[in-house]
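This is the structure I want to talk about, given as structure tokens.
The values are calculated or read from the model by the stated rules, or taken from the named source; none is laboratory data. This is a predicted model, so every value here is computed, not measured. Here the Cβ positions follow ideal geometry from the backbone for every residue, glycine too, while neighbour counts run over all protein chains shown.
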Amino acid sequence: MAKITSTKDIIMLLLYAKGYKGQKNEPIRTRIRMVKMVFLFQKEIRAKFNLEKAIPDSAFPDFQPYDYGPFADQIYADLEFLVNLGFVNPRPSCSDKEAEEDMCEYEYWQVSSGIAGGSDNERNNAVEFSLTNNGLNFVKDGNLGNLTAEQWEGVHTFKCRCLEISLYALLRYVYTKYPKMATNSKIAERIFKKRNV
């Protein structure tokens with residue numbers, strides 16, 4: 001039986017899960033949100049839904065405090081890999097403050113990884129990610145193991161909560177619950193001032 005063994009698998013699991021509209025493969029908007037979702041999945045969801053056997057510790061990247069909270073460059077590298085493999089589709093979404101902050105972190109990753117800058121479309125817009133037909137078929141074929149109905153429901157509920165709220169609300173939750181991960185944040189003060197987001 002296949003199981004989840006890497007960050008790539010976790011990304012695909014999160015993308016495949018139903019979102020707040022109740023549909024599988026609802027897009028996850030911005031890389032920053034994706035990173036925080038993987039972080040929270042490791043910290044809160046894995047144990048709550050007895051996923052320790054299906055997802056070992058080694059499948060998760062090493063998170064460090066960075067400009068926007070917990071950061072793991074492995075997630076960016078794996079997203080790029082999945083896009084190049086034809087399993088994940090990045091699409092531009094509307095341009096706003098979220099896009100600016102997402103691109104700052106993405107550009108840092110590109111520079112620190114020695115990767116050339118992205119396309120003009122990527123530089124000016126937040127990107128949302130969803131699985132392609134190839135990615136959907138990969139998951140449907142059982143390549144990520146067999147989660148129980150209760151485990152899938154837990155992943156679905158988690159994804160809904162992460163997608164329903166603003167990025168600032170998600171960051172405020174992470175910064176409050178995991179303050180060590182906010183020690184290097186460039187936007188912590190702004191996050192806590194934005195209470196009505």
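Restricting the range 170-192 to residues that are of a type in the set (D, E, K, R) and under 17 Å from residue 37 (Cβ atoms), which is surrounded by the fewest Cβ atoms within 10 Å (Cβ to Cβ)? If you could, list the steps in order and put the result at the bottom.
Kept after step one, since they are of a type in the set (D, E, K, R), are these residues of the range 170-192: 172, 177, 180, 186, 189-190.
Filter once more, so that each one left must be under 17 Å from residue 37 (Cβ atoms): 172, 177.
Numbers: 172: 21, 177: 12.
So the residue we want is 177.
For residue 164, are the conditions met, namely being exposed (fewer than 13 other Cβ atoms within 10 Å of the Cβ), modelled with pLDDT of 90 or more and closer than 15 Å to residue 33 by Cβ?
Spelling it out, residue 164 is indeed exposed (fewer than 13 other Cβ atoms within 10 Å of the Cβ), modelled with pLDDT of 90 or more and closer than 15 Å to residue 33 by Cβ.
Something else about it: Cβ contacts < 7 Å: first residue hydroxyl-bearing (Ser, Thr, Tyr), restricted to the range 154-168; second residue surrounded by 17 or more Cβ atoms within 10 Å (Cβ to Cβ) and assigned to a helix (DSSP H, G or I), any location; separation 6+ or different chain. Result?
That search, which allows pairs on different chains as well, returns 168/191.
Also: Could you list, in sequence order, all residues of the range 45-59 that are closer than 20 Å to residue 177 by Cβ, without any contact (Cβ under 8 Å) to a residue 40 or more places away in the chain and among the charged types (D, E, K, R)?
Scanning the range 45-59 gives 46, 57.
A further question follows. Kindly provide the set of residues from the range 114-133 that are closer than 22 Å to residue 74 by Cα and either part of a helix (DSSP H, G or I) or at pLDDT below 85 (or both), ordered by number. Walk me through how you get there before you give the answer.
So in the range 114-133, the residues closer than 22 Å to residue 74 by Cα come out as 114-119, 122-123, 125-132.
Within the range 114-133, 114, 115, 116, 117, 118, 119, 122, 123, 125, 126 meet the criteria.
Using the structure shown, decide if residue 144 is buried (at least 18 other Cβ atoms within 10 Å of the Cβ) and of a type outside the set (Gly, Ala, Ser).
The answer is yes for residue 144.
I need every pair where a residue in the range 60-78 that is within 14 Å of residue 34 (Cβ to Cβ) has its Cβ under 8 Å from the Cβ of a residue that is part of a strand (DSSP E or B), sequence separation at least 6 or different chains.
Close Cβ pairs (under 8 Å, with a partner that is part of a strand (DSSP E or B)) amount to 63/70; 63/71; 70/64; 71/64; 71/65; 72/64.
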